[in-house]
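Report on the structure given below.
All of the numbers you see were taken from the coordinates with simple rules; none came from a lab. Predicted model, so just to flag it, every value in this text is computed and none were measured. Because the Cβ atoms are built from the backbone with ideal geometry, glycine has one as well, and the counts that use them run over all protein chains shown.
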Amino acid sequence: MWTDRPLVRDAGAAVLTGVAAAVVLRFWEEVANRALLDQKLCRKLVHISVGLVYFLMWPLFSSEDMYAPFLAPLILIVNIVKVTVIGLSVVKDEGVVNSMTRHGDHRELLKGPLYYACAITLTTMVFWRTSPISIAVICNLCAGDVTLSKTKKKPGLERKGKVVAEIKDAVEQYSSAYVFTYDNMRNQKLKDLREQLKSSSRFTKLSNNWQATPTLAAAYSISRAVSIPVMCSSGLSSMTAPMAVTAGAAGVGVGSAVNKLNDVVAMIAEVRSIAQAMGLDSRNVSENLRTVHH
């Protein structure tokens, strides 16, 4: 081909691989900057296309496989450094952020994109093309993102997560909280009230399914009126238990969450879910529940 010297050939192939990958990455950065595609779709296409280009360049390397495993992933190492400095805000690059993240947050680069590049680099150095393991791993990384992303979150859970975040922010920002019920959210008086208080307050709408709303409101008020620990329990779940702590509760009860369950395994799973949501050691909690039941 170009030369009979493996080192020179592999170095040249590494340069071509780097140029080809850089062109593909730059293309998707422009697409993201111009908002020609949905950001999440653009991220998927980056994963697929870069991995495919990386594969297609492997035949250019020499057959001795002495230098190739370490020269081939040089572009990936450069990319690891790139996403790290951008993810840490040392350097700003909106094109990279928009094309490689789901939500436009530069800190996301330190998760999926960084793990992706590190995994392919390590796989190449250890297995190279002499083992089917490298091909299987890289193919899984390229296509796996698309496969996993097909499973969408349930709209209800996603909505509840947003409400939780809104309430947590509001608790830190405002000095008072009021809970009220309504028959018609669109009545004119309520609209006028929201408009009047728009600049100094925040309204968060909860459905009737949020049985813990009165409990959270009570925990918030009582915890600020007394100097002793407050326990919050009625109607709590794995979604609302962390909100109880944010509202001022020192602990939560799980009776209403497990009393409706008839299976011990389901009870343990529910308690474990609540404990994990609160950042507790769910193993100890589950063991205690199993002991009490027996």
When each pair of different Cα atoms in the range 49-101 is counted once in the 1/r mean, what is the Kirkwood radius in angstroms, to one decimal?
12.9 Å
Interchain or sequence-distant (5+) residues whose placed amide H lies within less than 5 Å of the amide H of residue 252 are 232
Using mean Cβ contacts within 10 Å as the protection proxy, how do 50-56, 224-230, 67-73 order, highest first?
67-73, 50-56, 224-230
Proximal charge balance of residue 26 [Cβ under 15 Å; K/R count +1, D/E count -1]
-2
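Sort 42, 232 by Cβ crowding within 10 Å, fewest neighbours at the top. Don't skip to the answer; put the middle values down first.
Values: 42 20, 232 26.
Arranged by neighbour count, lowest to highest, 42, 232 become 42, 232.
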Mean separation of Cα pairs under 8 Å and 6+ residues apart, divided by the residue count of the range 6-149: what relative contact order is that in percent?
30 percent
With +1 on the Cβ of every Lys and Arg and -1 on the Cβ of every Asp and Glu, and nothing else charged, how large is the dipole of the range 1-96 about its Cα centre, in debye rounded to the nearest 20?
280 debye
In whole Hz, with x marking every Gly and Pro, tabulate ³J(HN,Hα) for the range 4-19 from phi via Karplus 6.51 cos²θ - 1.76 cosθ + 1.60, θ = phi - 60°.
8, 8, x, 5, 5, 5, 5, 5, x, 5, 5, 5, 4, 4, x, 5
Within the P(r) computed for the range 6-149, what percentage of the Cα pairs occupies the region above 22 Å?
36 percent
In the range 53-149, the GluC sites (Glu not before Pro) that sit in a DSSP loop and have at most 13 other Cβ atoms within 10 Å of their own Cβ are 64
Integer Hz, Karplus 6.51/-1.76/1.60 couplings in order for the range 249-259, x for Gly and Pro
6, 8, x, 10, x, 10, x, 5, 7, 9, 5
Counting pairs of alpha carbon atoms under 8 Å apart in space and at least six apart in sequence, what relative contact order in percent does the range 1-78 give?
52 percent
Could you pull the Rg and Dmax for the range 1-51, using just the Cα atoms, both in Å?
15.2, 46
Using θ = phi - 60° and the Karplus relation 6.51 cos²θ - 1.76 cosθ + 1.60, list the HN-Hα couplings for the range 88-97 in order, rounded to whole Hz, with x at every Gly or Pro.
8, 6, 5, 10, 9, 8, 5, x, 5, 4
Which of 197, 109 comes first, and how do the rest follow, when ranked by fewest Cβ neighbours within 10 Å?
197, 109
For a quick protection proxy, order the peptides 255-264, 110-119 by their average other-Cβ count within 10 Å, most packed first.
110-119, 255-264
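Please identify every one of the trypsin sites (Lys or Arg not before Pro) in the range 1-56 that sits in a loop by DSSP and has no more than 12 other beta carbons within 10 Å of its own beta carbon.
Qualifying residues, ordered by number: 34.
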